[in-house]
Amino acid sequence: MNIILLGPPGAGKGTQARRLEKERGMIQLSTGDMLREARNSGSEMGVKVARIMDAGELVTDEIVIGLIEEKLQERPGGGFIFDGFPRTLAQADALGDLLARHGQALDAVIELRVDDDELVRRISGRYTCGECGEVYHDDTRPTKVEGKCDKCGSTNLKRRADDNPEALKTRLMEYYKKTSPLIGYYYAKGLLYPVNGLAPIDTVAQEIALVLDGRPGS
């Protein structure tokens, strides 16, 4: 089973992806993680990625598709969670073509719907563990011990520089301009399943499980 987690910054895509990895053995394909992994791999593709990133240039869709194809070849049975890709209609077409070439397809696109005002509150209080990636929040999910990750014990807790109301408005505008058209695209294909991203984390996970088990809305 291959799925896309779709939603604006702070919608909870990363949190739900980690749960799916743990509970269903799926693999999260995050564009940022793949680029960092490729850069450190020393492979031919990795050298190309490093050269582009070091020059401050944007990595092309062709390269990202190439990285995804490598993952598909490593795990031909599927079971991927696409997070951060596709972002545009052109990327959606390219991903569909790539999956078809490998005898795979998308099974569902989970749209995590959230309110913009809630996003501001959610993101402004968000921080993560720099070692294991666990996500916390000042109000809704603080660490049990201040300054220490519950999961791995690291004290390397970080806040993104752009996790603030001003920067968020810019990121949201970018999302609405480029990525929101994917909602209509996947709705027309019968693959879109909206989920209330403002619900508690466990409730969101249960709603996603209903979709993946073929019982949405039951």
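Read-outs: derived from the displayed coordinates by stated rules, not from any lab. Fair warning: this is a prediction, and the values are worked out from it, not measured in the lab. Don't worry about glycine lacking a Cβ; one is built from the backbone with ideal geometry, like all the others, and counts go over all protein chains shown.
Using +1 at the Cβ of each Lys and Arg and -1 at the Cβ of each Asp and Glu in the chain, identify which of 77, 8, 203 lies farthest towards the dipole's positive end.
203
Within segment 8-36, what residues put their amide N at less than 12 Å from the label point 7 Å along the Cα-to-Cβ vector of residue 74?
27-30, 33-36
Using θ = phi - 60° and the Karplus form 6.51 cos²θ - 1.76 cosθ + 1.60, what ³J(HN,Hα) does each residue of segment 83-88 get, whole Hz, x for Gly and Pro?
Residue by residue, segment 83-88 yields 10, x, 8, x, 10, 10 Hz.
Which of the GluC sites (Glu not before Pro) found in segment 64-109 are in a DSSP loop and have at most 15 neighbouring Cβ atoms, other than their own, within 10 Å?
Filter output for segment 64-109: empty list.
Which one is right for this structure if Cα Rg over 2.2 N^0.38 Å is calculated from it: [x] 1.09; [y] 1.03; [z] 1.18?
[y]
Just tell me which lysines come within less than 30 Å, Cα to Cα, of residue 151; anything on the same chain fewer than 8 places away is out.
13, 22, 71
Starting with the fewest neighbours, write out 63, 123 ranked by other beta-carbon atoms found within 10 Å of each beta-carbon.
63, 123
Among 92, 43, 155, which residue has its Cα furthest toward the positive end of the charge dipole of the chain, with +1 on Lys/Arg Cβ and -1 on Asp/Glu Cβ?
Towards the positive end, the residue furthest out is 155.
With θ set to phi - 60°, apply the Karplus curve 6.51 cos²θ - 1.76 cosθ + 1.60 along segment 121-138 and write out the HN-Hα couplings as whole Hz, x wherever there is a Gly or Pro.
4, 5, 6, 4, x, 8, 8, 10, 7, x, 9, 10, x, 4, 9, 10, 8, 4
Rounded to the nearest 20 Debye, what is the dipole magnitude of segment 1-140 about its Cα centre when Lys and Arg each give +1 and Asp and Glu each give -1 at the C-beta?
It works out to roughly 240 debye.
Which FRET efficiency value, to the nearest 0.05, do you get for residue 131 and residue 188 by plugging their Cβ-Cβ distance into 1/(1 + (r/R0)^6) with R0 = 35 Å?
Once rounded, the FRET efficiency stands at 0.25.
Hey, which aspartates and glutamates would be in cross-link range of residue 189, C-alpha to C-alpha under 20 Å, not counting anything within fewer than 8 residues on its own chain?
Candidates past the 8-residue exclusion: 83, 93, 97, 107, 111, 213.
For segment 65-163, with only Lys/Arg (+1) and Asp/Glu (-1) charged at the beta-carbon, what is the dipole magnitude about the Cα centre, in debye rounded to 20?
340 debye
Net charge near residue 47: determine it from the other residues with C-beta under 11 Å of the C-beta of residue 47, scoring Lys and Arg +1 and Asp and Glu -1.
Net charge around residue 47: +1.
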